[in-house]
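Here the structure comes first, spelled out in structure tokens, and everything after it is commentary.
Values in this text are rule-based calculations from the coordinates and carry no lab data. Source: prediction; values computed, not measured. Because the Cβ atoms are built from the backbone with ideal geometry, glycine has one as well, and the counts that use them run over all protein chains shown.
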Amino acid sequence: MVTVTATQLPEVLLLQPRVFGDARGFFLESWNQRVFDEAVGQSVRFVQDNHSRSARGVLRGLHYQLQQPQGKLVRVVSGRVFDVAVDMRRDSPRRGQWAGVELSAEDHRMLWIPPGFAHGFLVLSESADFLYKATGYYAPADEHTVAWDDPDLAIAWPLQPGVPPLVSAKDQAGLRLADAPLY
């Protein structure tokens, strides 16, 4: 059983698995194909699992692929992050809008980000281990990056005052939304 909640972008879904806990710890079913397909209302095939570990203040993204698009099911198994999806679909009435949610190891929530959305996250804890299942293979030549700090997006990243995020050179070179290719 999974509880599904739409975000500000109705296709981007927050999934809360059922967690069984007692004095020994907890148990949850982190993946079930049938339950997931029912939750998102379509059959989805994942081809790749990724795991990243990042320190506090690291901001990764906003990434997406056009010719080899990736849907992503993301979750945090250690720490806390602020996770963001941006609608990059050319014909969408919500093109350029974003949704952001906090995910943590404690809440066990997962976020479904379908193809056509850019994705990124900011680490809020000392470190975070972030897992994501992808519907398409990573294709570096097809990857695009939208600037995390694009004023047209105006993402409300929960940054520490006066402390800039740690961003890779690739992410620092991200395009403004107005110049980014669309899905």
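Per residue, how big is the convex hull of the stretch 33-72 when only Cα atoms are used? Give it in Å³.
Spelled out: Cα convex hull of the stretch 33-72, divided by residues, is 123 Å³.
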Sites removed, the longest contiguous part of the chain containing no DSSP-loop trypsin sites (Lys or Arg not before Pro) with at most 13 other Cβ within 10 Å is 91-175
Quick calc, the stretch 2-179, dipole around Cα centre from Cβ unit charges on Lys, Arg (+) and Asp, Glu (-), nearest 20 debye, gives 180 debye
Counting only DSSP loop positions in the stretch 82-175, the GluC sites (Glu not before Pro) whose Cβ has at most 15 other Cβ atoms within 10 Å are Glu106, Glu126
FRET efficiency (Glu29, Ala178; Cβ distance; R0 45 Å; to 0.05) is 0.60
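Under the 0.36 nm per residue contour assumption, what length would be gained going from the current alpha-carbon distance of Ala6 and Trp157 to full extension?
Working: separation 151, 0.36 × 151 = 54.36 nm, distance 1.98 nm.
Length gained, Ala6 through Trp157: 52.4 nm.
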A correct Kirkwood calculation over the Cα atoms of the stretch 2-179 returns a hydrodynamic radius in Å of 16.7 Å
